[in-house]
Structures are given as C-alpha cells and as structure tokens.
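Chemist: Would you mind keeping the following structure in view while I ask a few things?
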Number of protein chains: 2
Amino acid sequence: MIFPPEEFAARTAKAQAMMAKRGLAALLLTTEPDVRYFTGFLTRFWESPTRPWFLVVPAAGDPVAVIPGIGAALMARTWITDIRCWSAPDLSDDGVTLLADTLRELAGAGDIGLPSGHETHLRMPLEDYARLAQLLAPQRLTGDGGILRSLRLVKSEAEIAQIAEACRIAARAFARVPEIARPGVPLSQVFRRFQVLALEEGADWVPYLAGAAAHGGYADVISPATDRPLESGDVLMLDTGLTRGGYFCDFDRNYSIGPASPAVRDAHARLIEATQEGFDAARPGATAATLFEAMNRIVTLGGGGSGAGGRLGHGLGMQLTEGPSLIPADTTELRPGMVLTLEPGIDLAPGKMLVHEENIVITDAGAAWLSPPADPDIMEIGT
Amino acid sequence: MIFPPEEFAARTAKAQAMMAKRGLAALLLTTEPDVRYFTGFLTRFWESPTRPWFLVVPAAGDPVAVIPGIGAALMARTWITDIRCWSAPDLSDDGVTLLADTLRELAGAGDIGLPSGHETHLRMPLEDYARLAQLLAPQRLTGDGGILRSLRLVKSEAEIAQIAEACRIAARAFARVPEIARPGVPLSQVFRRFQVLALEEGADWVPYLAGAAAHGGYADVISPATDRPLESGDVLMLDTGLTRGGYFCDFDRNYSIGPASPAVRDAHARLIEATQEGFDAARPGATAATLFEAMNRIVTLGGGGSGAGGRLGHGLGMQLTEGPSLIPADTTELRPGMVLTLEPGIDLAPGKMLVHEENIVITDAGAAWLSPPADPDIMEIGT
C-alpha cells in the first residue's frame, strides 16, 4: 500500500466529524477514487464495468467493504478488516441484499449519504439502486452534502508527494519529446512514443494523453491522434495525465515543428505570462474565481482569450480533474494542500488555439510549482 | 473516424426498431461506450469526471448530441450533425435544462429509456438526474429494456476486425515477454516494459494490465504490480486489455520463470484443455452457461476449479468486459458475431491459482480464435 493505515484512519475520522454535523449515519461510496480514498484499494480492474463495488463509512468505526469475491485478496492487503463478499456477477442479486443488510446493521434507521453533486456519479445499475432504496425504506438514501468533495479538495502531504512525483516523471518525458517528434512522423506515432517515454521515466500508467499538431495552432484539446505526419510550421501540443501510485499529474507542453511564427511565439509567451499571473494570485484566501480573473486578464489582451475549454484550470489528484473549476462562478476558497492546474488558452484564429498548462500546490506562503514552469519561448524542434 | 457513417446509421436503425417494439420515444445515453456506439466519438477525455455528455436517440431520425462545448469540434467530425452545446462546467445548470428541452422536443410526452440493468451505470450526478426527472414530469425516464445490451452483444464485421487487430498486437507483445522478464527484474518493471512492448507493437492505449508472479501460482488476478523481483519458480501471469481504434482485446499468458514444477505444468495443460473444450462448445444456439459447463468439467477434475473470478469468461469489445457472463445462470444464446473470452482457472492450493484466457468470435460454423491459442506446455523463461 502506498500510504500507512494512519492516513486512512485520519481521513475516516475527518469524514465522520462532517457526517456528525450533517446527521448522516453512513456514507455509501461506489466509485474508484471514493473507495480508494478511504481504503487504498488500487487496481486497474475498475476498467471492467461488470461488477459494482461498495464501501460503507459508518458514523463510528472503520469502513466496511462490500465487494465481489474477486477483490477479496487485494482488499485484505489494505487496512480494511471487515470485508463482505458475494460471488459476482450474480444476475438475480448482485450484492444488493448484502449491501442493504450491511447498511441497516451499520446505520440503523439513519440517513445514508451518497456523493450526488457536481463531478460525481453513482457506479451501480439504476435498477439495483432503486431496489436498494426499496429494501432500505423508510431509511433514506440522500446526498452526502459535499463531504467527499470537501475532503478530497485538500490533499495530505503524502498525496502531494505522489502528485509531485508524477509531475517529475512527466517533465522528464516532455524534455525528451525532441527524440520522437520531427517532420514526417505521424502524430499517432508521437502519441505511442510519448507513452513509452512516460513509462521509461517511471509512470505506472498513462491513462490520459491528448494533443494535436496543426499549422499555427490547433482546433481542440481532447482529440485522439490522427496519422497525419508532422510538418514544419505545426504547433505540436501534448497534454498528459500519467499516474504514479494512483495519483495524476495533468500538464501540457507546446512545441513548434521548425521555426515558430511571430504570432505563435507571442501567444506562447502570453500564455506563460498568464500562468505566472495565476501562480502569483494563488494563495490561501484567494478563490478559484480569482485565479480565473488573473489569467483571463492576460489572455484576453487584444481579444484573443479562448473559451473552448470552459475553464482556465481545475483541481487534480486521484483523478485527472477534480474540483474546483477556475471559472468566474466558482468561489471555492483556496486552502493550503489544494493542488491545481493553471490552464490558460488563446484563440489565434477560428480553429487555431494554443493552450498551456502547469500544476501547482497551495501552501501557507502562496503557491509552489509541481510541474517545472515552461519558458516563455516556445521550444522549437528541428531548427 | 474508424467506421463509415453507414455503420452508425445501421446501428441507429436497429435501435429504433427495438424502441418501437418497446414503446420508447427516445434513448438517453451517458456513458463513453454507449455514446460512442452510435457516434464514433472517440477520446480519452472521459477520464475527466467533470463534464457529463449526453446522446439522445429519437424514435426516428439521427441521434442528437447534447455536450459540453469542449467536445464540439471533435463531435463535428463524426456523422452527427445536430450538436447542442453548453459551456461546461456550469455550476448552476450543467446541461440539464438543455437536455430536458431536447428530450421534450424529440420525444414529445413519450417514455425515455436509459440503460439501467446489469453492467450499466448512469454517468451524471444523481442530483442532476433528479432535476431532469422533475423538469420532464409527467414524461417518464425508465429502463431501456436491455436494448443497448442486446445491440452491443453482437458485433459487426467492422468491430470484429478491430478486436482481431487488438488481439494480434497483444500476441506480438506476449511473444516478446522473454525480452523483459528474467529473475531479478521487479514485477513493476515487467508491467512498465510490457506496456512499452504493447505500444511498440501498435496499441493505441493500454488501459488494462493485471498480473502476478509467485511461486507455484498466484493469489489473485486483479492486483497491480509490486516491486518484488522475479525469482526462479515463479509463475508470471500477464493479462492485458489494450486497445486499437477504441476496441479491446482481453487475454493473458502464463510463463514459468525457470523450470516449471510438475503441478504447474499439469495445471497449465489442463487450462488449455478446458479452453479448447469451451471453444469446441461455442457455436450458435449454445448458451453462455454451456461454455461454463464445458470448461468447468475439465478444471474441476480432481477438485481444483477456481471460483475466485466468479465466471469462466465474458463478452468484450468497446469495453474490457461486456455481457454475457460465462456462469451457470447466464442462459444468453450465442449468436454469430459475439466476441467472448474463455477464462478458466485452477486453484493449486490456497492462494495459488493459475488462470488462462483466450478470445474467440462466434461464427455460423462454430467458434474462431481471435487470440492465437497458447500451447499446452507453459512457456519457460530463462531455462
């Protein structure tokens, strides 16, 4: 396990204090990051949609796992000792009765909270959820009041160390991009070879890689690679979320294939300036919206701000993106331990954008870089 | 796009015929594979949990996308022409009103079906789902009657070709495992280097890799790698779900580090025999349960069958695992075009199992191998 039991016990105690305030008798968790947050249960097996997994955090005492038997051995290696299994898949009762019995035992007649707000979902079939609610009635399944979101917003020192390690690995991979990118190489090959670089530098997995290459800027930032070969004049952008120990980095780098045009050079320098403004504004007491405004002021000089991404950064950690969102409406107050991306974009022309992204952590004294901040001069390859 | 528009139009027409039978006025889809099934929208961006994505399949006419603006450019490259966007994330109304308006427009007062059964989930916040139901009432959100499951069970020729290509890539990577595995190499390094082999051989991504290495068999099949070095006498198992063009393979290989013990050798040969029995039984008209029984008869000779996985195989395609499940209770009838894994396991001792897995496709004449079937003799490395 990546973290000692004390880390998970502390998280559980914090959750229970918040549950007491909200009058919740238990939390019911169903997604990979929420289950892992309290257990350390780390596996790629969530890629299979077949089996639901449940964790119950009671008002007092340790969490209880209600899981398919295939996960029993791995869960037993975590700090969790109360592990209740069924043989899944069970087409007539896929853990629902076992879960209902467990919830009644641990929560009595009290309310059970589930993460239900922005950026959450319920990872179990809707029909099974309806049946669970029937079995439990009049006991109520309700929202968790944002407890999980609130807990996961602020990272522990151990979590920050993992994210920092992921960032260092990605930085080494980005520094080696000149080894794999040159005119004539298809973007799809650049994507494969960048993943290889990330693995060679120590990534456990590369769950996310997006990017683009096009003359003078690109049309979007979420597309998979095409087989079009790189050409001189392209701006190549690679944006990766690799993981180490189950924690993500999420930042990008832009490269000019051949000499950069003045417009691309200027846009890149302005993005770095905007990122620095965001960094300077990032301190306890500022808000997510503050950072948006600080960066947006720079990228909209001359009218070129990009709205395509919908925001200028976000939290990250066990997931590629987490709360808060750097948008005007998000007034989440920054606190030490929050890990954020700064991600300004500039539209140079219709369908021609540049986006830059770095990762930072909020400390008592302000912000600290987790990714090594890029130079204002866009890196040129093959000049 | 991987497939021509005709492929997606045919899928839509099939869905609409099934909707008509069930009296559904629209389907509402929220997950990556379900949205991609009707659109071809392929991106790793689903890794970010922040934004919901919606696709509405009306009773007649083409599907309509209701998506965050960040996906507009990529969706516009698919065959979908009616693309309705909002600027996400929107903390007060994250697409819910736009979706409700679209559903009312396309479905009138008719019922809207959502995948709700086994192996499904709803990928949007529960609170937003409740608000959507309120906005639409008295129009009903209900189950899809298994339409998506039924459609996706049978693959088209184009889909089977993608899965076959993924299998060929994995087979080449498995053949190169002797390059990366030898006594003294930590399992975590084997995992990284196997992913590199998969990418070198043509994988787009390696979303799934599980495995283990232990003396005389392993304790489970879903754990991530530890840093323990390989030792002579270990059975090394690697099980990968790599993707090409958005389609998975899912099969494994076992290797003996140094000479295999008689018990390991016999168990491996029995697993290959069981797999062959499953293959021979796999033909149109047989059921998922038939395949289970065929393989289970062999692996339980002498009492050593393994129940840890909960099943002896499953479907695969756009996801690592899909229906049906090879269990006694699953009476799904096999039809040409179904792609399945055969995955028997044997317990040699408590905490010491071997699992073997191959991929097949059901044809009119019987089964055909998609993965190249392994030899009965376990491959020995370093002897």
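The values are calculated or read from the model by the stated rules, or taken from the named source; none is laboratory data. For clarity, every value in this text was computed on a predicted model and none was experimentally measured. FYI the Cβ positions are ideal-geometry reconstructions off the backbone, even for glycines, and counts take in every protein chain you see. When the accessible area is computed, the model is the full protein with side chains, heavy atoms only, and any ligands, DNA or RNA have been set aside. Shrake-Rupley method; radii C 1.70, N 1.55, O 1.52, S 1.80 Å.
Chemist: If amide hydrogens are placed 1.01 Å from N in the peptide plane, which non-local residues have theirs closer than 5 Å to the one on residue B:84?
Modeler: B:65, B:66, B:67
Chemist: Could you provide, to the nearest whole Å², the per residue accessible area of the protein assembly as shown with probe 1.4 Å?
Modeler: Details: 25600 Å² over 766 residues.
Here the residues of the protein assembly as shown average 33 Å² of exposed surface.
Chemist: For the stretch B:157-381, what is the largest minus smallest coordinate of the Cα atoms on each principal axis, given in angstrom and ordered from greatest to least?
Modeler: 49, 42, 24
Chemist: Other chains near B:77-87: what is the mean number of their Cβ atoms within 10 Å of each residue's Cβ? Intermediate results must be reported in sequence, preceding the final value.
Modeler: Details: counts 4, 0, 0, 0, 0, 0, 0, 0, 1, 1, 6.
Rounded to a whole number, the mean comes out at 1.
Chemist: Can you give the accessible area of residue A:101, probe radius 1.4 Å, in Å² rounded to 10?
Modeler: Result for residue A:101: roughly 70 Å² accessible.
Chemist: Follow-up. Through the Karplus equation 6.51 cos²θ - 1.76 cosθ + 1.60, θ set to phi - 60°, convert the phi angles of the stretch B:124-132 into ³J(HN,Hα) values in whole Hz; use x for Gly and Pro.
Modeler: So the Karplus estimates, Gly and Pro as x, are 7, x, 4, 5, 5, 5, 5, 5, 4 Hz.
Chemist: Take every DSSP beta bridge with both residues inside the stretch B:5-152 and express the antiparallel ones as a percent of the total, to the nearest 5.
Modeler: 40 percent
Chemist: Here's a follow-up. To the nearest 0.05, what FRET efficiency results for residue B:200 and residue B:97 with a Förster distance of 51 Å applied to their C-beta separation?
Modeler: E(calc), rounded to 0.05, equals 0.60.
Chemist: Which one of B:155, B:352, B:21 has the biggest mean-square fluctuation once chain B is modelled by GNM with Cα springs under 10 Å?
Modeler: Fluctuation is largest for B:21.
Chemist: For residue A:319, what is the net charge nearby, where nearby means another residue's Cβ is under 11 Å from its Cβ and Lys, Arg count +1, Asp, Glu -1?
Modeler: -4
Chemist: Can you tell me the Rg and Dmax of the protein assembly as shown, counting just the alpha carbons, in angstroms?
Modeler: For the protein assembly as shown, the Cα-based Rg and Dmax read 25.4, 78 Å.
Chemist: Moving on to the next point. Obtain the radius of gyration and the Kirkwood radius of the stretch A:259-383 from its C-alpha atoms and give Rg over Rh.
Modeler: 0.98
Chemist: What does chain B give for Rg and for Dmax, in Å, if only its C-alpha atoms count?
Modeler: When restricted to the Cα atoms of chain B, Rg and Dmax are 22.6, 71 Å.
Chemist: Per the helix-only calculation at 222 nm, which mean residue ellipticity applies to chain A, given -39500 (n - 2.57) for every DSSP H run of n ≥ 4 and division by its residues, nearest 500 deg cm²/dmol?
Modeler: That comes out to -10500 deg cm²/dmol.
Chemist: Anyone know which of A:145, A:40, A:345 comes out most mobile in the 10 Å Cα GNM of chain A?
Modeler: Greatest mean-square fluctuation among the candidates belongs to A:145.
Chemist: With chain A treated as a Gaussian network of Cα nodes joined by springs under 10 Å, which of A:301, A:24, A:114 yields the largest mean-square fluctuation?
Modeler: Sorting by GNM fluctuation, first place goes to A:301.
Chemist: For the stretch B:87-141, what class follows from the C-alpha gyration tensor (a ≥ b ≥ c being the square roots of its eigenvalues): rounded when a/c is under 1.5, otherwise prolate if a/b is larger than b/c, else oblate? Present the calculation step by step, with values, prior to reporting the outcome.
Modeler: Details: a/c = 1.90, a/b = 1.07, b/c = 1.77.
In terms of gyration-tensor shape, oblate.
Chemist: Right, next: Among all cysteines in chain B, which have no other cysteine Cβ under 4.7 Å from their own Cβ?
Modeler: B:85
Chemist: Still on this structure, please answer the following. What is the sum of charges around residue B:206, taking Lys and Arg as +1, Asp and Glu as -1, for the other residues whose C-beta is under 13 Å from the C-beta of residue B:206?
Modeler: Values: positive: A:44, A:192, B:44, B:192, B:193, B:244; negative: A:47, A:204, B:200, B:201, B:204, B:239, B:250.
Taking every Cβ under 13 Å from that of residue B:206, the sum is -1.
Chemist: Still on this model: Considering the alpha-carbon set of the stretch B:5-152 alone, what are its Rg and its Dmax in angstrom?
Modeler: Gyration radius and largest Cα-Cα distance of the stretch B:5-152: 14.0, 38 Å.
Chemist: Quick one: which residues, 5 or more positions from residue B:286 or on another chain, have an amide H under 5 Å from its amide H? H modelled 1.01 Å from N in the peptide plane, none for Pro or chain starts.
Modeler: Under 5 Å from the amide H of residue B:286 lie the amide H atoms of B:334, each far enough along the sequence or on another chain.
Chemist: Hey, another quick one. Can you give me the long-range amide H partners of residue A:143? Hydrogens built in the peptide plane at 1.01 Å from N, cutoff under 5 Å, separation of 5 or more residues or another chain.
Modeler: Distant-sequence amide H within range of residue A:143: A:114.
Chemist: First measure r as the distance between the Cβ atoms of residue A:81 and residue B:127, then evaluate 1/(1 + (r/R0)^6) with R0 = 30 Å and state the FRET efficiency to the nearest 0.05.
Modeler: Working from the Cβ atoms, E equals 0.35.
Chemist: If you don't mind, another one. Tell me whether the stretch B:142-205 comes out rounded, prolate or oblate; compute the Cα gyration tensor, take square roots of the eigenvalues as a ≥ b ≥ c, and use a/c under 1.5 as the rounded threshold.
Modeler: Details: a/c = 4.16, a/b = 2.30, b/c = 1.81.
Verdict is prolate for the stretch B:142-205.
Chemist: On the full set of protein chains, 1.4 Å probe, figure out the accessible area of residue B:335 and give it in Å² to the nearest 10.
Modeler: Only protein atoms counted, so the area is about 100 Å².
Chemist: Now a separate question. Under a point spin-label approximation (7 Å from Cα along Cα-to-Cβ), what is the residue A:263-residue B:263 distance to one decimal in nm?
Modeler: According to this spin-label approximation, the distance is 7.1 nm.
Chemist: Another question about this same structure. Would you tally the net charge around residue B:328, using a Cβ to Cβ cut-off of less than 10 Å, leaving residue B:328 out, and scoring K and R as +1, D and E as -1?
Modeler: Its environment carries a net charge of -1.
Chemist: Need the per-residue list for the stretch A:202-227: every residue with at least 50 Å² less accessible surface in the complex of protein chains than in the chain by itself, probe 1.4 Å, sorted by number.
Modeler: Residues shielded by partner chains are A:205, A:207, A:208, A:222, A:224.
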